[in-house]
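S.K.: Just passing along the structure, written as structure tokens.
No lab work stands behind these numbers, since they all come straight from the coordinates. All of these numbers come straight from a predicted model, not from anything done at the bench. A quick note on method: Cβ atoms are made from the backbone with ideal geometry, for glycine too, and the neighbour counts reach across all protein chains shown.
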Amino acid sequence: MREMMPQVPREHSFRPTYVSPARFASFGYQFCEVMNLQPANVLEVGIGNGVLAYLLREAGLQVTTLDIDASLRPDVVASVTSIPMAENSFDLVACFEVLEHLPFSDLARALG
């Protein structure tokens, strides 16, 4: 398996062009989708700028974050194609705006 590398520098997720009103609307939809499923604990794959994890934690959920980019300070540094947790460790795995960044050949492994 080849090493996964971040596609964009850390600063990308904190630029005004990225953190836009439309992006915050997306965070709102993500938050609602997760909360509607009523999980107690969540694995968020692809932490981005941390907004979703912050909102979920403030709502009382236990959130573990995972990302390949250590500079984003996720709880776990790993790839979505090789998650180092036991199966059924989380009620819900949130993976928003991540899979489109993978090579197609890695998609099945990431979904598994």
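S.K.: Would you mind calculating the gained length between residue 36 and residue 20 on full extension (0.36 nm times residue separation, minus the Cα-Cα distance), in nm to one decimal?
M.R.: Extra length available between residue 36 and residue 20 comes to 3.3 nm.
S.K.: Which percent of Cα-Cα pairs in the chain sits in each 5 Å bin, short to long?
M.R.: Going from the shortest bin to the longest, the percentages are 2, 11, 22, 24, 22, 14, 5, 1.
S.K.: Based on Cβ point charges of +1 for Lys and Arg and -1 for Asp and Glu, what charge dipole magnitude is obtained for the chain about its Cα centre, in debye rounded to the nearest 20?
M.R.: The calculation lands at about 220 debye.
S.K.: Arranged from highest to lowest average of other beta-carbon atoms within 10 Å per residue, in what order do the peptides 69-82, 27-40, 9-22 appear?
M.R.: Highest mean packing first, the order is 69-82, 27-40, 9-22.
S.K.: Short version: ³J(HN,Hα) in whole Hz for each residue of segment 51-67, in order, from phi by Karplus 6.51 cos²θ - 1.76 cosθ + 1.60 (θ = phi - 60°), x for Gly and Pro, what are they?
M.R.: These are the phi-based 3J(HN,Hα) values: 5, 4, 4, 4, 4, 5, 5, 5, 7, x, 8, 7, 10, 10, 9, 9, 7 Hz.
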